[in-house]
């Protein structure tokens, strides 16, 4: 539901609505407003600040500074299915998640390396992204006996629930099993919210940052670009997802409170 609802608040949808409304009413003001919205949302300057806000202004964490935990949990979302007959995958932009998980394990930060079973399209079904990542980890020298893969999941909420179930199998008290959570920086805030609902203590390890720490602004950064629009939309998707799950959590807590009173 959250993925469906967010589409109507993205810049392209808003601009299309404004321009269409202006054309139907023959009102130039609506069309001009649509152009302004497009210009701003596609500006690299706006896109950069939007994505940094979505990243909650986090900065990279040193592997050496991370406390030891029970497991390292690497969220799915880094493999893509290239064009062709199928049967192969390639690394996507979020490959930093996999590399960080391997690095943390090699540094002895946990006894388990857990991959979530992100659903992949045919012909991979019923194999998941986690299955393929586990194979890659073994090739990198990680013992298969210390790698775990959750069941199939289709979103972050499903990943959190699947990891909670797995912690129950790997550890007698899953709530005492602190995990190092590895995911993209812009995805961390929503992930932590969903993992908090399962009761699992989380040590965040954000990677795949979309912004530079030493950005030097030039004139071109105020001219609309495809990448500027991509960053703005990515930030808005994450913001809407976080708001949706925060609201759902508040509603659930409210219902629980009313039932307790009754």
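Looking at 160, 152, 164, which one is in contact (Cβ under 8 Å) with a residue 24 or more places away in the chain and either in contact with a strand residue (DSSP E or B) (Cβ under 6 Å, 6 or more places away or on another chain) or in a loop (DSSP other than H, G, I, E, B) (or both)?
Residue meeting the stated conditions: 152.
How about the range 102-142: which of its residues are more than 17 Å from residue 69 (Cα to Cα) and in a strand (DSSP E or B)?
116, 117, 118, 119, 128
Being assigned by TED's automatic domain parsing to the domain that holds residue 80, surrounded by fewer than 21 Cβ atoms within 10 Å (Cβ to Cβ) and over 19 Å from residue 88 (Cα atoms) is the requirement here; does residue 159 meet it?
Judged against the criteria, residue 159 is not a match.
Is there a residue being surrounded by fewer than 19 Cβ atoms within 10 Å (Cβ to Cβ), under 23 Å from the mean Cα position of the chain (by Cα), in the same structural domain as residue 192 (by TED's automatic domain parsing) and touching a residue at least 60 places away in the same chain (Cβ under 8 Å) anywhere in the range 82-93?
yes
Taking the condition assigned to a helix (DSSP H, G or I), within 30 Å of residue 5 (Cβ to Cβ) and in contact with a strand residue (DSSP E or B) (Cβ under 8 Å, 6 or more places away or on another chain), does residue 192 pass?
Judged against the criteria, residue 192 is a match.
Those residues that are more than 16 Å from residue 207 (Cβ to Cβ), crowded, with 17+ Cβ neighbours inside 10 Å and more than 17 Å from the chain's Cα centre (by Cα), I need them from the range 111-127; list them, please.
Passing the criteria: 112, 124.
Please verify whether residue 44 is in contact (Cβ under 8 Å) with a residue 12 or more places away in the chain, over 19 Å from the mean Cα position of the chain (by Cα) and not assigned by TED's automatic domain parsing to the domain that holds residue 240, treating the condition exactly as stated.
No; evaluated as a whole, the condition is false for this residue.
Scan (1) under 20 Å from residue 149 (Cβ atoms); (2) modelled with pLDDT under 95; (3) not in a loop (DSSP other than H, G, I, E, B) for the single condition residue 12 breaks and write down its number.
(1)
Consider the range 74-101. How many of its residues are in contact with a helix residue (DSSP H, G or I) (Cβ under 7 Å, 6 or more places away or on another chain) and assigned to a strand (DSSP E or B)?
Number satisfying all stated conditions: 2.
How do the pairs read when you match residues in the range 123-134 that are in the same structural domain as residue 74 (by TED's automatic domain parsing) with residues anywhere that are surrounded by fewer than 15 Cβ atoms within 10 Å (Cβ to Cβ), using Cβ under 6 Å and keeping only pairs 6 or more apart or on different chains?
Final answer for the pair search is 123/86; 123/87.
Quick one: in the range 1-18, of everything that is within 21 Å of residue 234 (Cβ to Cβ) and over 21 Å from the mean Cα position of the chain (by Cα), which residue is surrounded by the most Cβ atoms within 10 Å (Cβ to Cβ)?
15
Filter the range 19-66 for residues that are out of contact with any strand residue (DSSP E or B) (no Cβ under 8 Å at 6 or more places or on another chain) and in a loop (DSSP other than H, G, I, E, B); which is surrounded by the most Cβ atoms within 10 Å (Cβ to Cβ)?
Ranking the candidates gives 42 first.
The values are calculated or read from the model by the stated rules, or taken from the named source; none is laboratory data. Note that the structure is a prediction, hence the values are computed from the model and not measured. Reconstructed Cβ throughout: ideal geometry from the backbone, glycine too, with neighbour counts over all protein chains shown.
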